[in-house]
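Every read-out reported here was derived from the displayed coordinates using simple, explicitly stated rules and does not represent laboratory data. Quick caveat: nothing in here was measured; it's all calculated off a predicted structure. Heads up, the Cβs are rebuilt from the backbone with ideal geometry, glycines too, and the neighbour counts pull from every protein chain shown.
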Amino acid sequence: MKNWHLDDGVKYMLLASLTFAFMGAFAKLSSQTLSSLEVVFFRNIAGVVLIGLAVIKTPLVQQGGKPLLLLFRGTMGFLALLAYFYNIAHISLADAMTYSKTSPIFTAIFAYLFLNEKLSLKGWMAVFLGFIGIVFITQPDGIGFSKYDLLGIFSGIGAALAYTSIRELKNYYDTRAIALSFMGVGSVGPVVLFLLSPYFQSPELDWIFSEFVLPEGIVWIYLIAMGVFATISQLLMTKAYGSSKAGIVGAVSYTNILFSLLVGVALGDAFPSGATLFGIVLIVVAGIMVARSK
């Protein structure tokens, strides 16, 4: 009997998805005492240090010439992560993750609009399924979408804009410079927003303006664990895409949602309703269709 063998890329992505769910769990625990803006700050400052050390060891090799696009990538990535972390703090981990995983669907649209990439009939079907899935998750009533729904959708759109810009930036910049643009803006941006927060007291803007609170006790452990799992997840993801076809690895990445659901329930999240589960399934199917078409 032939031995069943799991592809290396699939194994790496499964582990990356699990560690990413753990990162979300520690972000959620940190958010019990810290603002989402502060959690994002600590998440990114750790990345700046790690990538900075890598750049010192091996200098960047790049052409450059697209500073505004690099800044755009960093800004959109930072805002998308901020919206994602805010939702982690206020809704279930599975719902927050599902919203963020709509990014491949929006990326397909933006690549069609801005990069002239063709979108097949299968691709358009995936986009349609994805939007139906969003409706089932948000379940808008007569007064429209909630704040968490809008931020969730924005986390997907913002990440998609960042990913779309990377397709152009990789022709001009070292991969580490592109990653550093995201983490750099994600470290400096919060400091600016902390300084501006006394002048913006609107409850609707609490996801972007907040006061800095020095972490204490076990919160430091949560923040360190979040940074460690985020770094491990990124390394595993990189190895996954380097070991197998992008379509296969991209499809497997949707196990993020399953792991986030399980970890979230363990932390006390309510189990999703039937309608929400159906919406999650539609978004997963849509994302896999997009990934497999690449």
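Calculated [222 nm] ellipticity per residue, helices only, for the chain: -25000 deg cm²/dmol; basis is -39500 (n - 2.57) per DSSP H run with n ≥ 4, divided by all residues, nearest 500.
When both the range 205-281 and the range 68-108 are represented by their alpha-carbon centers, they are found 11 Å apart. Computed from the C-beta positions of Gln63 and Arg292 and an R0 of 30 Å, the FRET efficiency is 0.40 to the nearest 0.05. Length gain on complete extension for the stretch Leu115 to Leu214, per 0.36 nm per residue less the alpha carbon to alpha carbon distance? Once the chain is fully extended between Leu115 and Leu214, it gains 31.3 nm. Averaged over residues, the count of other Cβ atoms within 10 Å places the peptides 212-224, 65-77 in the sequence 65-77, 212-224, highest first. Packing around the peptides 225-232, 103-110, taken as the average count of other Cβ atoms within 10 Å per residue, puts them in this order, highest first: 103-110, 225-232. A Förster radius of 22 Å combined with the Cβ-Cβ distance from Ala54 to Lys11 puts the calculated FRET efficiency at roughly 0.35. Anisotropy class assigned to the range 6-75 is oblate, per the alpha carbon gyration tensor with a/c at or over the 1.5 cut-off and a/b no larger than b/c.
Rg ratio for the chain: its Cα radius of gyration over 2.2 N^0.38 Å, N being its residue count, equals 0.99.
Fully extending the segment from Phe131 to Lys170, taken as 0.36 nm per residue of separation minus the present Cα-Cα distance, adds 11.1 nm.
Span-like helix criteria (full DSSP H runs; alpha carbon extent of at least 27 Å along the helix axis; mean Kyte-Doolittle hydropathy of at least 1.6) are satisfied in the chain by 36-57, 175-196, 274-293. The residue list Thr276, Val192, Met237 was ranked by how far each Cα lies along the charge dipole of the chain toward its positive end, using unit charges on Cβ atoms, and Met237 comes out on top. Taking other residues whose beta carbon is less than 11 angstrom from the beta carbon of Gly152, and scoring Lys, Arg as +1 and Asp, Glu as -1, yields 0.
In terms of other Cβ atoms within 10 Å, Tyr12, Tyr199 run from fewest to most in the order Tyr199, Tyr12.
Other residues within the sphere of radius under 15 Å centred on the Cβ of Leu60, judged by their own Cβ, net out at +3 (K and R +1, D and E -1). For the chain, the Cβ-based charge dipole about the Cα centre amounts to some 1160 debye (Lys, Arg positive; Asp, Glu negative; other atoms uncharged).
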